[in-house]
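Q: Dropping the structure in here first, questions after.
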Amino acid sequence: MRVRARKREERKQQIIIAMRIATGKNKHHVSSAVKLAKALDMSPSQHFRNIIDELVEEGELISFDVPSKSAVSHRRYYMLPPSKRGNPNKPRSIILKHNGKPVGEMQLPGFETNG
């Protein structure tokens, strides 16, 4: 099936809508670029990844790397719910837990919670 050519802004909106639909089903939905591309019937090309990286820079998506056994780490993306989105210029810290016990704190650059 051939995918219709769209402008970059339209593709960004498609990605955001796909993430919102997935987040609506599961509060803590984390997706890879490949899964996002398949959801939109696109190929996970470098062009598609560049669009996702632009969404991360704009503050629409958050990315993090998941280490793997191989030399390459895998990048995952998720979207904060609207109530948790904040000023994109201030850092936000989250508490890391293991087996329900706090083990550390991590800074997410460019995000803060609203309250």
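The values are calculated or read from the model by the stated rules, or taken from the named source; none is laboratory data. Please read these numbers as outputs of a predicted model, since none were measured by experiment.
Q: Looking at (1) within 13 Å of the chain's Cα centre (by Cα); (2) modelled with pLDDT under 85; (3) assigned to a helix (DSSP H, G or I), which is the only condition HIS28 fails?
A: All conditions pass for HIS28, except number (3).
Q: Please return the ranges of strands (runs of 3 or more DSSP E) entirely within segment 47-111 where 1 or more residues are more than 17 Å from the chain's Cα centre (by Cα), at pLDDT 80 or above and of a type in the set (Lys, Arg).
A: So the answer is 92-98, 101-108.
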